[in-house]
Amino acid sequence: MKHWIEAARLRTLPLSVSGIIVGSFYALSVATEEVLTPTQVFSWSVFSLLLLTTIGLQILSNFANDYGDGIKGTDNEDRIGPKRAIQSGVISPKQMKRAIVITAVLTFLSAISLIYNAFHFKYFYYSILFLALGMMSIASAIRYTVGKGAYGYKGYGDVFVFVFFGLVSTFGSYFMFAKEFNCLLLLPSSAIGLLSVGVLNLNNMRDEWSDKKAGKNTIVVKIGGENAKKYHYVLVVLAMILMLSFALINDFRTDESFNFDQYFFVLTYIPLTRHLIRVYRNSEPKNLDPELKKLAIQTFLLSVLLAQGLIYLFSDIVVNF
């Protein structure tokens, strides 16, 4: 059990649900502005299934990543990060392949339950759309490193992470509650997507030389370590700008007065800035490994504090539930 928990990479799970939190609570805040009761829009069962399905997809991706890199020899003695399950021999490729299938099936069942709870039979076409999206997400999670055409080996991993961790996660969760799109969500969803890409970029900077030797052509391998640092600065700084822009455009105010409580999320800019300084000063790839966990947690905390800002009457809404 210990080895399977390690293979699931728990430190990546908070990052995966960041978009879900922002999208879900933005739907709740819009309902409040339209003088709707929370139960007319928000459902704890849908929210719980959103989290469960997303975590399932993340674990599936982690298992597939371990399997794909393991059988291709990418995870070898040259790799700097923590040893993977197949690499260390504590889990065999056959066992991991079986785990991938089981996790994919359970995640698909969770997705079906989520779609039914969100749309029932009233929104048939929405159900079909999200069912297709769910199948695409499962396939994408597996194909990241598995197979000859694995897109993670061609430098497309950043695009996948931005789209699914940012856009799909945030817009999808919002739509399941509000049954509509909101263009303003492009700002926070892009911010979360960029920070998620930042976590992947740190991983790829840490493994630059071992990936290059194994033929895994990530963005870092293609542009080089120094340019990858500059790329990282853009990802994090742009995300911070987008989040603050969203707050200002969304008019975070109460009774026409400035409400500092709604801007608590800006506090995360302090550790994010310190993170950028550490990356700038770093010259040892192995020292980037702790930064992965820190950036993932900071992204999760940012999403939670932003959700608190969206629901500035949060305590009253909870009471109404």
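The table that follows gives values for the structure above.
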{"read-out": "Rg in Å to one decimal, and Dmax rounded to a whole Å, for the stretch 189-251 via C-alpha atoms", "value": "14.1, 50"}
{"read-out": "Charge dipole (debye, nearest 20) of the stretch 138-227; +1 at Cβ of Lys and Arg, -1 at Cβ of Asp and Glu", "value": "340"}
{"read-out": "Rh by Kirkwood over Cα pairs, then Stokes-Einstein D for the chain at 1.306 mPa s and 10 °C, µm²/s", "value": "78"}
{"read-out": "Crossing angle, helix 289-310 versus the chain [Cα axis fit, 0-90 degrees, rounded to tens]", "value": "10"}
{"read-out": "Residue-averaged [θ]222 nm for the chain, counting only DSSP H segments that reach four residues, each worth -39500 (n - 2.57)", "value": "-22500 deg cm²/dmol"}
{"read-out": "Tilt relative to the chain, helix 93-119 - C-alpha long axis, 0 to 90 degrees, to 10", "value": "10"}
{"read-out": "Between helix 186-206 and the chain: long-axis angle, C-alpha atoms, 0 to 90°, nearest 10", "value": "20"}
{"read-out": "Carbon/sulfur fraction of accessible area - the stretch 131-251, other protein chains in place, 1.4 Å, %", "value": "70"}
{"read-out": "Inter-centroid distance (Cα atoms) of the stretch 11-31 relative to the stretch 140-165, Å", "value": "23"}
{"read-out": "Given Lys179/Lys294; Lys94/Lys222; Lys154/Lys230; Lys222/Lys286; Lys148/Lys212, the pairs whose alpha carbons are separated by over 28 Å", "value": "Lys179/Lys294; Lys94/Lys222"}
{"read-out": "Translational D in µm²/s for the stretch 165-216 (Stokes-Einstein at 10 °C, 1.306 mPa s, Kirkwood Rh from C-alpha pairs)", "value": "126"}
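The values are calculated or read from the model by the stated rules, or taken from the named source; none is laboratory data. Worth saying up front: this structure is predicted, and the values here are computed from it rather than measured. Every residue, glycine as well, gets a Cβ built from its backbone with ideal geometry; the counts of neighbours run over all protein chains shown. Accessible surface areas use protein heavy atoms only, side chains included; no ligands, DNA or RNA. Shrake-Rupley method; radii C 1.70, N 1.55, O 1.52, S 1.80 Å.
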